[in-house]
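Asks: I'd like to ask you about the structure that follows.
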Amino acid sequence: MNYKLLGNYIREVNIRNTELKVENLLGVSIQKAMIPSIANTVGTDMSTYKIVKQGQFAYGPVTSRNGDKISIALLNEDSESIISQAYISFEVIDIEKLLPEYLMMWFRRPEFDRYARFKSHGSTREIFDWDEMCNTKLPIPSPEKQREIVAEYNTLQNRINLNKQLIQKLEETAQTIYKQWFVDFEFPNKEGKPYKNSGGEMMESEFGEVPKGWRKGKLKEIISFYNGKVKPSNQGKYPVYGGNGIVEYVDSYNDENTIIVGRVGAYCGSLFLEKNRCWISDNAISAKPLKNIIMFCLYTLHNLNLNERSEGTGQPLITQTILNNIDIVIPSEKVIQAFEEKISIINKNVRLFAQQDKKLTELQSLLLSKMARIEN
């Protein structure tokens, strides 16, 4: 395979926001995407920030803080944005010779992450500098072949994006049904009509009017909470959940068929449902329903806005004690079971789309791995 020197195809871009015309501030994630920045910029001189345009790249040269990944991304938006001056921005010199989308595919390869870490240097912090980026070698086939590879990758990505949209719509539908039944009290009565709207009997409670037969209770009456544990070191097939979802896979599990609650930090109160075996890390809490009502428990937790119930001066923290003692309205078992059956059908479709996404992502990874052997 004839590998080419990347430095012959790219050039650094260093345009500053001196006139303060650009306000959209982005950061670069280790997921290889440009995302809205959450940095506190109060009092910051934004004129020193760099302007990036559609088709240009940005990367964080410091690799020692990112684990095994390098933060690098291609801006696809048809508008100008600004990034911190700590990032290095660059562009392809001639897109007729190297497609930016093809180059971004190369950057997504785990092998490139490992290469960048290996080539990083420095005593206090390790840097993958611009010279090292330019010294990177990769196969650059004909433009036609590049377009073919990019199109194949994008076909998979478009299907993944569509599945995510469908999952979001299904989850929004489930949350709407929960609100109708347990907030507005318009669950179906015996005749299939909305309970409250059709004259269902109501009674006074500490929460105001609720359907007859419902009662005040504590969250611990329907869910048991357990702190997660430090994850094993060996890689395997079981997903590890932290506060922001799956972070990696290990060779053992400590829970299954549970709800994961983010315990600390920016993802405090986040929620994930895992029907299969998994490892819950010490950044999360396991919420185990005491009865077979996992969907009702999940959407009850959603409705409680757990992040707003956190405590802590340095960073948000939610504990078992806080969760156990949250006051809730406990509906009749008959209504809970009816909700469980209805939402379980929706969740089954959510899981099917998620499984498809997993397979499509595996195909993407296979395509990326084959790039090292691409011929014209």
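The values are calculated or read from the model by the stated rules, or taken from the named source; none is laboratory data. Owing to the predicted nature of the structure, the values given are computational and were not obtained by experimental measurement. Counting neighbours? That spans all protein chains shown, and the Cβs are built from the backbone with ideal geometry, glycine included. Side chains included, ligands, DNA and RNA excluded: accessible areas come from the protein's heavy atoms. Shrake-Rupley method; radii C 1.70, N 1.55, O 1.52, S 1.80 Å.
Asks: Restricting to region 210-237, name every residue that is in contact (Cβ under 8 Å) with a residue 24 or more places away in the chain and either among the polar types (S, T, N, Q) or open to solvent by 40 Å² or more (accessible area, probe 1.4 Å) (or both).
Replies: Gly213, Arg215, Lys216, Lys218, Lys220, Glu221, Ser224, Tyr226, Asn227, Lys229, Val230, Lys231
Asks: If Leu162 passes every condition in (1) open to solvent by 40 Å² or more (accessible area, probe 1.4 Å); (2) more than 23 Å from Gln31 (Cβ to Cβ); (3) aliphatic (A, V, I, L, M) but one, which one does it miss?
Replies: In the conditions (1) open to solvent by 40 Å² or more (accessible area, probe 1.4 Å); (2) more than 23 Å from Gln31 (Cβ to Cβ); (3) aliphatic (A, V, I, L, M), Leu162 misses (2) alone.
Results for (1) within 30 Å of Gln235 (Cβ to Cβ); (2) touching a Lys or Arg at 6+ places or on another chain (Cβ under 9 Å), shown as yes or no for each residue.
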| residue | (1), (2) |
| --- | --- |
| Ala284 | yes, yes |
| Ala287 | yes, no |
| Ile294 | yes, yes |
| Asn307 | no, no |
| Glu311 | no, no |
| Leu323 | no, yes |
| Ile326 | no, yes |
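Asks: Checking the condition among the aliphatic types (A, V, I, L, M) and surrounded by 11 or more Cβ atoms within 10 Å (Cβ to Cβ), which residue from Ile38, Ile82 passes?
Replies: Only one candidate qualifies: Ile82.
Asks: Further question on the same structure: Of the conditions (1) open to solvent by 60 Å² or more (accessible area, probe 1.4 Å); (2) touching a Cys at 6+ places or on another chain (Cβ under 6 Å), Asn303 clears all except one; give me its number.
Replies: (2)
Asks: Please determine whether any residue of region 288-301 is touching a His at 6+ places or on another chain (Cβ under 7 Å) and either among the acidic types (Asp, Glu) or under 28 Å from Ile177 (Cα atoms) (or both).
Replies: no
Asks: Could I ask something else about it? Ala174 - would you say it is among the small types (Gly, Ala, Ser), assigned to a helix (DSSP H, G or I) and surrounded by fewer than 17 Cβ atoms within 10 Å (Cβ to Cβ)?
Replies: no
Asks: Filter region 141-155 down to residues that are over 30 Å from the mean Cα position of the chain (by Cα) and open to solvent by 20 Å² or more (accessible area, probe 1.4 Å), then give me how many there are.
Replies: Final tally of qualifying residues: 4.
Asks: Scan Leu368, Leu323 and give me the residue that is hydrophobic (A, V, I, L, M, F, W, C), in contact (Cβ under 8 Å) with a residue 40 or more places away in the chain, surrounded by 16 or more Cβ atoms within 10 Å (Cβ to Cβ) and more than 26 Å from Val183 (Cα to Cα). Steps first, please.
Replies: On the way: Leu323 fails: more than 26 Å from Val183 (Cα to Cα).
Unique residue meeting the criteria: Leu368.
Asks: Run down Leu317, Leu323, Leu304 and say which single residue is among the aliphatic types (A, V, I, L, M) and touching a Ser or Thr at 6+ places or on another chain (Cβ under 7 Å).
Replies: Among Leu317, Leu323, Leu304, only Leu317 is among the aliphatic types (A, V, I, L, M) and touching a Ser or Thr at 6+ places or on another chain (Cβ under 7 Å).
Asks: Can you give me the number of residues within region 177-209 that are among the basic types (Lys, Arg) and exposed (fewer than 12 other Cβ atoms within 10 Å of the Cβ)?
Replies: Final tally of qualifying residues: 1.
Asks: Exactly one condition in (1) under 19 Å from Ile72 (Cβ atoms); (2) of a type outside the set (Asp, Glu); (3) open to solvent by less than 60 Å² (accessible area, probe 1.4 Å); (4) free of Cβ contacts under 8 Å to residues at least 60 places away in the same chain is not met by Lys32; state its number.
Replies: Just one mismatch for Lys32, condition (4).
Asks: Give region 113-130 a look and list any residue that's part of a helix (DSSP H, G or I), in contact (Cβ under 8 Å) with a residue 40 or more places away in the chain and more than 22 Å from the chain's Cα centre (by Cα), or say none.
Replies: Within region 113-130, Arg114, Ala116, Arg117, Trp130 qualify.
Asks: Identify all residues within region 345-370 that are modelled with pLDDT of 95 or more and more than 23 Å from the chain's Cα centre (by Cα); write none if there are none.
Replies: Ile345
Asks: Between residues in region 265-288 that are open to solvent by 30 Å² or more (accessible area, probe 1.4 Å) and residues that are polar (S, T, N, Q), which pairs lie under 7 Å by C-beta distance while being six or more apart or on different chains?
Replies: Pairs found: Tyr267/Asn244; Lys275/Asn257; Trp279/Ser252; Trp279/Asn254; Asp282/Asn227; Lys288/Ser224; Lys288/Thr258.
Asks: For region 264-281, enumerate the residues that are among the hydroxyl-bearing types (Ser, Thr, Tyr) and under 17 Å from Ile294 (Cα atoms).
Replies: Keep residues of region 264-281 that are among the hydroxyl-bearing types (Ser, Thr, Tyr), which gives 267, 270, 281.
Within region 264-281, just Ser270 meets the criteria.
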